[in-house]
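What follows is a short report on a single structure.
The values are calculated or read from the model by the stated rules, or taken from the named source; none is laboratory data. Nothing here was measured: the structure is a model prediction, and the numbers come from that model. Reconstructed Cβ throughout: ideal geometry from the backbone, glycine too, with neighbour counts over all protein chains shown.
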Amino acid sequence: MYPYFDIAHAALCSLHVREDLGSGGLGFTRRHPLATWLCTLVELYAGGMLANLFLGEPVLAPLKNNQHIILYTLVWYLIFYCPFDAAYKVCKFLPVKLAFSVMKEIYRTKKVYDGVTHALKVFPSGYLIALMVGTVKGNGAGFLKIFERLLRGVWTPNAMEILQPSFPTKACIAASIIFILDKKTDFITAPHSLLYFGLVVFFVYFKVSSILLGRAFGAKVAGESDKSGGESKPTADKKKE
């Protein structure tokens with residue numbers, strides 16, 4: 001999967017960090033480049049670090065791959081500081097964003113599977129541990145969102161993934177359960193390859209749908225706003241008369 005899926009993963013995580021900064025984000029990125037870089041790395045490595053924490057392994061072990069860090073840093077730099085914002089605009093272009101999202105969801109399925117497999121290797125009968133590891137491997141960034149924002153000086157205690165689980169977290173829980181049942185029971189009789197492919201389709205379908213429907217809803221709201229604005233103008237003119 002390296003480097004193409006990693007590039008897609010890094011680009012979307014960098015986009016998420018940049019957009020989470022809000023309206024004053026551009027000024028923040030110029031004043032605090034180290035903070036944005038660390039936040040992006042937290043987004044990228046959250047799943048691996050949390051999984052290692054649960055399994056009693058070195059938490060910072062995911063950072064040992066220098067090739068990945070160099071690649072992620074390059075993508076981060078392009079998203080935040082590319083001249084004319086070219087890289088950011090390219091990644092925001094709908095076909096590119098859809099392609100990257102599909103690649104990331106394929107990558108997410110792999111991470112959930114790898115997390116469950118590794119956890120069951122360390123704790124063969126630890127089904128709950130495998131469920132936890134598979135979930136955080138698939139959506140670790142959601143669980144560390146509060147910490148990632150804290151690195152930027154923003155305290156949002158309500159942004160707890162445990163209190164308000166997002167759809168990716170729920171999907172990762174479901175996928176982890178399915179992988180555990182597939183590995184440890186006879187409940188699932190379908191071939192593993194077919195099961196894996198079905199979960200990939202599941203993740204990709206809902207991600208693409210959320211992007212397209214969100215875009216359509218935004219366009220509809222904007223259209224209604226323009227329409228109501230256009231209708232109110234004659235009324236105001238009438239009152240003036």
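G22 - would you say it is modelled with pLDDT under 95 and either assigned to a helix (DSSP H, G or I) or loosely packed, with under 15 Cβ neighbours inside 10 Å (or both)? Answer is yes for this residue. Considered as a group, the residues in the range 157-179 that are among the aliphatic types (A, V, I, L, M) and part of a helix (DSSP H, G or I) include one that is farthest from N139 (Cα to Cα), and that residue is I178. Per this entry, L50 is counted among residues that are within 18 Å of the chain's Cα centre (by Cα) and closer than 26 Å to S176 by Cβ. Residues of the range 180-212 being in contact (Cβ under 8 Å) with a residue 60 or more places away in the chain, farther than 24 Å from R149 by Cα and either of a type in the set (K, R) or not in a helix (DSSP H, G or I) (or both), which ones? Listed by number, the residues that qualify are K183, K184. In the range 35-74, the qualifying residues are those that are among the charged types (D, E, K, R) and either surrounded by fewer than 16 Cβ atoms within 10 Å (Cβ to Cβ) or at pLDDT below 95 (or both), and the one that is nearest to R152 (Cα to Cα) is K64.
Across the range 149-156, not a single residue is classified as under 16 Å from L50 (Cα atoms) and assigned to a helix (DSSP H, G or I). Of the residues making up the range 116-148, just one is surrounded by 19 or more Cβ atoms within 10 Å (Cβ to Cβ) and in a loop (DSSP other than H, G, I, E, B), namely L144.
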